[in-house]
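For reference, the structure is listed below as structure tokens.
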Amino acid sequence: MRPRAALRYEEWSLEPDLEPDAEPTTYAMQCVVDEESSLGSEDYVEPQEWVLGHLDENPSHLIYREIITRPWRAWRRG
């Protein structure tokens with residue numbers, strides 16, 4: 001005799017973690033040309049200032065990407 005399996009379907013939700021103990025959202029900038037990056041910061045202005053300094057040293061490096069690290073949480077519905 002074979003055992004029977006019981007299946008249970010669950011619904012999950014995913015959302016940004018806004019709880020008081022959540023990790024902070026951080027921002028960084030990365031140069032696309034040489035892939036150098038600023039440090040991560042909770043203040044988005046600091047990485048933008050890094051870009052201006054990097055640009056002073058590397059006038060031909062004109063393309064950058066923003067890297068945002070945001071905590072998310074999953075929770076079971078119902």
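Ordering Pro16, Cys31, Ile67 by the projection of their Cα atoms onto the charge dipole of the chain, which places +1 on the Cβ of Lys and Arg and -1 on the Cβ of Asp and Glu, puts Pro16 at the extreme positive end.
Could you work out the local net charge near Pro59, counting Lys and Arg as +1, Asp and Glu as -1, over the other residues with Cβ closer than 15 Å to its Cβ? Net charge in that neighbourhood comes out at -4.
For Met29, nonlocal amide neighbours, meaning residues 5 or more places apart or on other chains whose placed amide H falls under 5 Å from its own, are Ser38, Ile67.
Report the chymotrypsin sites (Phe, Trp or Tyr not before Pro) located in the chain that are in a DSSP loop and have at most 16 other Cβ atoms inside 10 Å of their Cβ, or state none. Provide the component values of the computation, followed by the final result.
Values: sites: Tyr9, Trp12, Tyr27, Tyr44, Trp50, Tyr64, Trp72, Trp75; in loops: Tyr9, Tyr44.
Within the chain, the qualifying chymotrypsin sites (Phe, Trp or Tyr not before Pro) (loop, at most 16 other Cβ atoms within 10 Å) are Tyr9, Tyr44.
When shorter helices are ignored and each DSSP H run of at least 4 residues is given -39500 (n - 2.57), the per-residue value for the chain at 222 nm works out to -5500 deg cm²/dmol.
Using a 1.4 angstrom probe, figure out how much accessible area the chain has per residue, in square angstrom, rounded to the nearest whole. Before the final figure, lay out the partial values.
Numbers: 6830 Å² over 78 residues.
Accessible surface, normalised per residue, equals 88 Å².
To put it simply, the accessible area of the chain at a 1.4 Å probe is 51 percent carbon and sulfur.
Compute, for the chain, the length of the dipole vector about the Cα centre, with Cβ point charges of +1 (Lys, Arg) and -1 (Asp, Glu) only. Units Debye, rounded to 20. Mind dumping the intermediate values first?
Values: 8 positive and 17 negative charges, 242 e Å.
In total the dipole reaches around 1160 debye.
Under 1.5 on a/c is rounded, so check that first for the chain, then, if it is not, pick prolate when a/b is larger than b/c and oblate when it is not; a ≥ b ≥ c are the square roots of the alpha carbon gyration tensor eigenvalues. Write down the numbers at each step before the final one.
Working: a/c = 5.52, a/b = 2.61, b/c = 2.11.
It is prolate, given that a/c is not under 1.5 and a/b is the larger ratio.
Against the chain, whose longest principal axis is taken from its Cα atoms, helix 45-57 shows a tilt of about 40°.
Just add up the charged neighbours of Ser37: K/R +1, D/E -1, any other residue whose Cβ is under 11 Å from the Cβ of Ser37. Neighbour charge sum, excluding Ser37 itself: -3.
When a/c is below 1.5 the answer is rounded, else prolate if a/b is larger than b/c, else oblate, so apply that to the stretch 7-50 with a ≥ b ≥ c taken from the square roots of the Cα gyration tensor eigenvalues. Here the stretch 7-50 falls in the oblate category.
Please identify which residues in the stretch 17-38 have an amide N closer than 15 Å to a label point set 7 Å out from the Cα of Ala74, following the Cα→Cβ vector. Answer for this model: 17.
Whenever you get a sec, line up Ser41, Ser60 from highest to lowest accessible area (probe 1.4 Å, protein heavy atoms).
On the way: Ser41 15, Ser60 90 Å².
Reading off the accessible areas and sorting them downward yields Ser60, Ser41.
Approximating the spin labels as points 7 Å out from Cα along Cα→Cβ, the Ala6-to-Val45 distance works out to 5.8 nm.
Going through the chain, which trypsin sites (Lys or Arg not before Pro) have at most 15 other Cβ atoms within 10 Å and a DSSP loop state? Numbers along the way, then the final one.
Working: sites: Arg4, Arg8, Arg65, Arg73, Arg76, Arg77; in loops: Arg4, Arg8, Arg77.
Listed in order of number, the matching sites are Arg4, Arg8, Arg77.
Val33 sits with roughly 90 Å² accessible to a 1.4 Å probe, with DNA, RNA and ligands left out of the calculation.
Could you tell me which GluC sites (Glu not before Pro) in the stretch 1-41 are loop residues by DSSP with no more than 11 other beta carbons within 10 angstrom of their beta carbon?
Numbers: sites: Glu10, Glu11, Glu35, Glu36; in loops: Glu10, Glu11, Glu35, Glu36.
When the GluC sites (Glu not before Pro) of the stretch 1-41 are filtered for loop state and at most 11 Cβ neighbours within 10 Å, Glu10, Glu11, Glu35 remain.
The values are calculated or read from the model by the stated rules, or taken from the named source; none is laboratory data. Just so it is clear, the model here is predicted, and its values are computed rather than measured. Reconstructed Cβ throughout: ideal geometry from the backbone, glycine too, with neighbour counts over all protein chains shown. In case anyone asks, the SASA skips ligands and DNA or RNA and just uses the protein heavy atoms, side chains included. Shrake-Rupley method; radii C 1.70, N 1.55, O 1.52, S 1.80 Å.
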